[in-house]
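The values are calculated or read from the model by the stated rules, or taken from the named source; none is laboratory data. The structure presented is a predicted model; accordingly, all values stated were derived computationally and were not measured. Cβ placement follows ideal geometry from the backbone for every residue including glycine, while neighbour counts extend to all protein chains displayed.
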Amino acid sequence: MARVAVITRTKDRSVFLARAIESVEGQTYKDYVHVIVNDGGDKNEVERVIEALDADIKGRIKLFHRPHPSNAPDTIFNESIDRVESEYVVIHDDDDTWHEGFLAKTVEHLDTNKDLAGVVARADKVTEKYEGMSIKMLKKQPWMPDMQTISLYRQFIDNQLTPITFLFRRDAYQSVGKFDANLPIVGDWEFGIRLLQQYDVDFLDPGFALANYHHRKTTKDNSFARHSHRKYVTKVANTYLRQDLKDGRLGVGYIISDLKYRQDSTHLLIKKIVPTRVLRAIQRRK
């Protein structure tokens with residue numbers, strides 16, 4: 001049994017998948033199994049990428065094809081993780097990458113700190129452009145640059161456990177009830193809320209980024225994506241708030257709802273007092 005299960009979900013993105021495999025294989029720490037789950041995409045395309053690899057690399061890969069696409073990758077977190085056994089788990093999405101020392105440093109940190117459920121590594125946000133079969137980096141900047149510790153309170157409104165940055169213990173994942181398979185998005189955020197109610201998670205900053213969270217700017221479906229994100233954040237908040245009301249107390253649901261309400265109110269106020277051209281200029285710089 002490998003100590004680390006690296007989970008990659010992919011669908012019809014062979015260029016990104018090849019880069020993700022290179023990122024994982026480039027790790028100095030080698031005691032891992034790389035689980036690649038093809039989420040209903042072209043089987044031949046995925047198999048061509050893997051067939052081109054050296055034998056020792058293919059030996060660490062376990063490939064699974066889902067017969068039908070989920071159309072909601074967060075709903076297959078659990079089935080992807082549970083395909084193999086391991087002590088630690090990390091989700092490496094097919095469009096993200098690591099520094100070569102990510103696994104070595106995060107595994108060492110959890111080996112040294114047995115009381116922790118996981119560790120989040122310092123990361124950069126990479127803005128890139130995908131055209132044809134090539135990927136061009138446009139900008140790199142720190143991801144969540146103000147982060148110094150992992151806070152339960154902050155998790156209620158802001159997901160600190162970005163998958164590419166987060167190595168966690170399988171027993172903690174099982175203890176808190178795994179991911180909510182009913183959430184097509186924001187499942188990692190909601191999982192973090194439950195995890196941090198029971199366990200501590202450290203933030204690891206070796207002085208440089210160990211992970212790269214990749215992002216591509218596009219106007220297509222942006223409004224739909226924002227609407228969907230708002231919809232499921234609200235769904236999670238409502239679920240917790242109903243439980244608070246049922247229990248006759250103010251708890252997690254109240255905190256999430258209050259923080260979200262104040263965040264939205266602040267955004268509306270800013271839109272009223274700051275000229276649109278200024279807001280657009282700020283957005284372009286992100």
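Observations
- Single match in I50, I61, I57, I21 (criterion: out of contact with any Gly (no Cβ under 8 Å at 6 or more places or on another chain), crowded, with 20+ Cβ neighbours inside 10 Å and among the β-branched types (V, I, T)): I21
- Near pairs, Cβ below 7 angstrom, 6+ apart or cross-chain, from the stretch 65-86 (under 20 Å from E47 (Cβ atoms)) to any residue that is surrounded by 17 or more Cβ atoms within 10 Å (Cβ to Cβ) and of a type in the set (S, T, Y): I76/S70
- The stretch 133-173: number of residues that are farther than 21 Å from F102 by Cβ and either in contact with a Leu (Cβ under 6 Å, 6 or more places away or on another chain) or among the aliphatic types (A, V, I, L, M) (or both): 6
- Within this structure, D82 fails the test of being at pLDDT below 95, of a type in the set (D, E, K, R), under 20 Å from R169 (Cα atoms) and surrounded by 14 or more Cβ atoms within 10 Å (Cβ to Cβ).
- Checked against the criterion of being without any contact (Cβ under 8 Å) to a residue 60 or more places away in the chain and over 20 Å from Y199 (Cβ atoms), the candidates D124, D146, D158 yield just one match: D146.
- All positions within the stretch 253-269 that are exposed (fewer than 12 other Cβ atoms within 10 Å of the Cβ) and either of a type in the set (A, V, I, L, M) or at pLDDT 90 or above (or both): L268, L269
- Qualifying residues in the stretch 31-47 (those that are touching a Lys or Arg at 6+ places or on another chain (Cβ under 8 Å) and surrounded by fewer than 17 Cβ atoms within 10 Å (Cβ to Cβ)) - the one nearest to F102 (Cα to Cα): D31
- Filtered residue count, the stretch 127-169, keeping only those that are among the β-branched types (V, I, T) and farther than 30 Å from Y261 by Cα: 1
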